[in-house]
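The values are calculated or read from the model by the stated rules, or taken from the named source; none is laboratory data. Note that the structure is predicted; figures quoted are calculated from it, not measured. Positions of Cβ are generated from backbone atoms using ideal geometry, with glycine treated the same way; all protein chains shown enter the neighbour counts.
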Amino acid sequence: MRCAVFAATRRGVESAIRLKKGISPDVVDIFLKDGREPEISAKRFSNLADAVAEAFLQYDALIFFMAAGIAVRMIAPHLQSKLTDPAVLVADEGGRHVVSLLSGHVGGGNALTLRVADCLGGTPVLTTATDVNDLTAPDALAAELGLRPVPKPRIQTMNGALLEGKNVSYAVDEALLRRDFFEAALSKRGIPFACMSASEASAAKELTVFITEDASLRSERLLCLVPRRLIAGMGCRRGVPKETLKNALSEAVAQIGQELSAVSIIASAAVKKDEAGLLALAAELGVEARFFESEDLQQKIEAYGLEESNFVRRQIGAGNVCEAAALCCVQDGRIALAKTKWEKATVALVWEK
């Protein structure tokens, strides 16, 4: 997740720096007001509200080291849906308490809160009822496994039932292409499940969470968890063999708890459209390969505020290939793995929201 971190005091800035070092400098950007702590490398802004408005669209998570009231007022005008809003966390300036404020489940805010608190030695504060009661919320599970819960109203139905002590069953579509992966994931988490057809799930008499490719199924007792598309943005040197690229991609998806079969598209710059290794890898995986002109890449770079390489810009006209190419494939995306270097290749992974 790409995180935008805002700090308003010297101690807050120190906590932000600790967080950036502890999580990863590649995915954490610190935002400071013009003139504040000039010796520190950070993105600068003159107006906090404007900076938050832009970051709300560009980043997967916003973290505020400041009063909760300030954070609430800054994000309030931009709230749209729990299915698309970024995660928002707020912490005191010393990082003693870290609160998951927005998108705790689908946006991954609760999981990020635990990670940030661990990094800073603070106490995580989760207020979602299912987490407080040590219950596995279906929408939280969906975020972990790269699934999209539909329809939205059934999320509340299922979570409410769990809190009332009612039984909620899990099932996996027998026609699901990646059935083995999801069955293994449920088993690993100790969640009992059945395997059934879509028609059987729709006719179920009890509340059912159904992992399926069919997002059109509707029932008052059914919440569908539909696999999201995972886009792999890739860059490489000329002539890199398919196996080298495959190894890089395998390690990349493993870092986010997935497997190669989760990849839906391989994306890169137009200058790579005849790269034999990339084309061969896409063919082996049975996925589409898409290539984008520098103008398209630059649009995504600006829209998401992506970091650029001067060397890459001189070579192809845009300073970011992996992340930008992957984001070109979706209307709205969340970066699951920022640009990561392997031998002769780079990979970024993006979930479609």
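Inspect the range 109-125 for any residue being buried (at least 23 other Cβ atoms within 10 Å of the Cβ) and of a type in the set (Gly, Ala, Ser) and give the result as yes or no. Yes - at least one qualifying residue is present in the range 109-125. The number of residues in the range 109-122 being in contact with a helix residue (DSSP H, G or I) (Cβ under 8 Å, 6 or more places away or on another chain) and in a loop (DSSP other than H, G, I, E, B) comes to 1.
Considering each residue of the range 306-325 in turn, at least one proves to be buried (at least 22 other Cβ atoms within 10 Å of the Cβ), farther than 17 Å from ALA232 by Cβ and touching a residue at least 12 places away in the same chain (Cβ under 8 Å). Quickly run through the range 5-62 and pick out the residues that are assigned to a loop (DSSP other than H, G, I, E, B) and either in contact with a Pro (Cβ under 7 Å, 6 or more places away or on another chain) or charged (D, E, K, R) (or both). Those that are assigned to a loop (DSSP other than H, G, I, E, B) and either in contact with a Pro (Cβ under 7 Å, 6 or more places away or on another chain) or charged (D, E, K, R) (or both): ASP26, ASP34, ARG36, GLU37, GLU39, TYR59, ASP60. When restricted to residues that are buried (at least 19 other Cβ atoms within 10 Å of the Cβ) and of a type in the set (Ser, Thr, Tyr), the range 47-101 contains 2.
Rundown of residues vs (1) in contact with a helix residue (DSSP H, G or I) (Cβ under 9 Å, 6 or more places away or on another chain); (2) touching a residue at least 12 places away in the same chain (Cβ under 8 Å); (3) closer than 21 Å to LEU225 by Cβ, yes/no style:
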residue	(1), (2), (3)
GLU39	no, no, no
ALA53	yes, yes, no
PHE64	yes, yes, no
ALA87	yes, yes, yes
ALA91	yes, yes, no
GLY104	yes, yes, yes
GLY107	yes, yes, yes
PRO124	yes, yes, no
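Checking each residue in the range 159-197 for being acidic (Asp, Glu) and loosely packed, with under 15 Cβ neighbours inside 10 Å picks out GLU164, GLU174, ASP180.
Taking the criterion of being crowded, with 17+ Cβ neighbours inside 10 Å, on the phi < 0 side of the Ramachandran plot, within 22 Å of the chain's Cα centre (by Cα) and not aromatic (Phe, Trp, Tyr), would at least one residue in the range 30-46 satisfy it? Within the range 30-46 (the criterion being crowded, with 17+ Cβ neighbours inside 10 Å, on the phi < 0 side of the Ramachandran plot, within 22 Å of the chain's Cα centre (by Cα) and not aromatic (Phe, Trp, Tyr)), the answer is yes, since at least one residue qualifies. Inspect all residues belonging to the range 240-260 and state whether any of them is exposed (fewer than 14 other Cβ atoms within 10 Å of the Cβ) and outside the structural domain of VAL287 (by TED's automatic domain parsing). No, every residue in the range 240-260 fails to be exposed (fewer than 14 other Cβ atoms within 10 Å of the Cβ) and outside the structural domain of VAL287 (by TED's automatic domain parsing). The residue that is nearest to GLN331 (Cα to Cα), counting only those in the range 207-226 that are crowded, with 22+ Cβ neighbours inside 10 Å and under 24 Å from the mean Cα position of the chain (by Cα), is LEU225.
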